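Structure first, then comments.
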Amino acid sequence: MRAVRTLRIAAGAEAATLAVLLANLLTVHARPVTSLTGPLHGTAYLVVIAAAWQATTAADTGARWYALVPGVGGLLALRRLRKTPAPLPTSGIQER
């Protein structure tokens, strides 16, 4: 599913940019690093929320709520989606 792939990429980017921001804060606190990484982190966060909204089914809305957690929400949403069984495909013919 395309939304899950997008969620996987955005969740990795969100976690990586958070790690860079925290490492910068704890070491040299260089403004250029913060100026570049901060907006990337914010964009990745918004993409995680949008992708989690599209990737989840009505049976599992918990992943949507996990996606709202800043920093690690995308990874939590992916974990939740892996635990949820995929819906069975239907042929379009209804049985009576």
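The values are calculated or read from the model by the stated rules, or taken from the named source; none is laboratory data. These numbers come from a predicted model, not from an experiment. Cβ atoms come from the backbone with ideal geometry, glycine included; neighbour counts cover every protein chain shown. Please note that ligands, DNA and RNA were not included when accessible areas were found on the heavy atoms of the full protein model with its side chains. Shrake-Rupley method; radii C 1.70, N 1.55, O 1.52, S 1.80 Å.
Quick notes on this structure:
- Some residue of the stretch 24-35 being open to solvent by 30 Å² or more (accessible area, probe 1.4 Å), assigned to a helix (DSSP H, G or I) and either in contact with an Asp or Glu (Cβ under 6 Å, 6 or more places away or on another chain) or closer than 19 Å to LYS83 by Cβ (or both): no
- Filtering the stretch 51-66 to residues that are touching a residue at least 12 places away in the same chain (Cβ under 8 Å) and part of a helix (DSSP H, G or I) leaves ALA51, ALA52, TRP53, GLN54, ALA55, GLY62, ALA63, ARG64, TYR66.
- For the stretch 33-62, a tally of residues being among the acidic types (Asp, Glu) and touching a Gly at 6+ places or on another chain (Cβ under 9 Å) returns 0.
- Residues in the stretch 1-19 that are more than 16 Å from ARG79 (Cβ to Cβ), buried (at least 17 other Cβ atoms within 10 Å of the Cβ) and hydrophobic (A, V, I, L, M, F, W, C): ALA13, LEU18.
- Count of the stretch 1-48 residues, restricted to those that are basic (Lys, Arg) and at positive phi, is 0.
- Considering each residue of the stretch 41-53 in turn, at least one proves to be farther than 15 Å from LEU7 by Cβ and modelled with pLDDT of 90 or more.
- For the stretch 36-47, the tally of residues that are surrounded by fewer than 17 Cβ atoms within 10 Å (Cβ to Cβ) and β-branched (Val, Ile, Thr) stands at 1.
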